[in-house]
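The values are calculated or read from the model by the stated rules, or taken from the named source; none is laboratory data. Keep in mind that what you see is a predicted model, and the values were worked out from it rather than measured. Note that each Cβ is placed from the backbone with ideal geometry, even for glycine, and that neighbours are counted across all protein chains shown.
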């Protein structure tokens, strides 16, 4: 595994999977460990995508934890302290993640590639867990497209750039539909003029200009 090909978040997920395996007295990193690590990353992309797919991300994370806790544990002289191996099917997932990144023309392997690799190469336990929550590749790609758009992974920290508008902006249309915008009082003529300008079909791309505080946003 070439660590330089992975994003910071994907390396964090792999490191977390190793810690989960160690904490649960496993001798090797299994696919369930990696799946749980991806699902439990704080403010992680995978949790956001699962929510966008209509599933309960917190419940999915809890289910992953329960499955990990049910896995066989090894202790005693047969287990070398601090020695954790990578299961062959996890190696297969990492190879598949690289293929997914190449297919999407991404320069780095990100957490979404790891998750898609689990969707493709997941063992029986992983597939049963994904199916229980209705998590399938088609829906996952749709959610990813909504968050990521057409952006490509060209740095080792791309996740911070996903869905930037939603993260730092406000949906004024949604707020207006919910009646949460403050009313505009005493500006009837200006409001009618703005509506007229925005409604024109023959002249596109209107720009509202004016001094700060005159009500451009409203």
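Test residue 45 against the stated conditions and say whether it is within 15 Å of the chain's Cα centre (by Cα), at pLDDT 95 or above and within 21 Å of residue 56 (Cβ to Cβ).
Taking the combined requirement at face value, the residue does not satisfy it.
Somewhere in region 34-54, is a residue touching a strand residue (DSSP E or B) at 6+ places or on another chain (Cβ under 8 Å) and buried (at least 23 other Cβ atoms within 10 Å of the Cβ)?
For region 34-54, residues touching a strand residue (DSSP E or B) at 6+ places or on another chain (Cβ under 8 Å) and buried (at least 23 other Cβ atoms within 10 Å of the Cβ): absent.
Suppose we keep only residues that are closer than 30 Å to residue 143 by Cα and surrounded by 12 or more Cβ atoms within 10 Å (Cβ to Cβ) within region 171-216. Which one would you say is modelled with the lowest pLDDT?
Applying the filter and picking the extreme gives 172.
Given the options 21, 59, name the one that is surrounded by fewer than 22 Cβ atoms within 10 Å (Cβ to Cβ), touching a residue at least 12 places away in the same chain (Cβ under 8 Å) and assigned by TED's automatic domain parsing to the domain that holds residue 115.
Unique residue meeting the criteria: 59.
Report the residue count in region 102-120 for those that are assigned to a helix (DSSP H, G or I) and either surrounded by fewer than 18 Cβ atoms within 10 Å (Cβ to Cβ) or in contact (Cβ under 8 Å) with a residue 60 or more places away in the chain (or both).
9
Examine region 119-138 for a residue that is in the same structural domain as residue 35 (by TED's automatic domain parsing), at pLDDT 95 or above and within 18 Å of residue 12 (Cβ to Cβ), and state whether such a residue exists.
Taking every residue of region 119-138 in turn, none turns out to be in the same structural domain as residue 35 (by TED's automatic domain parsing), at pLDDT 95 or above and within 18 Å of residue 12 (Cβ to Cβ).
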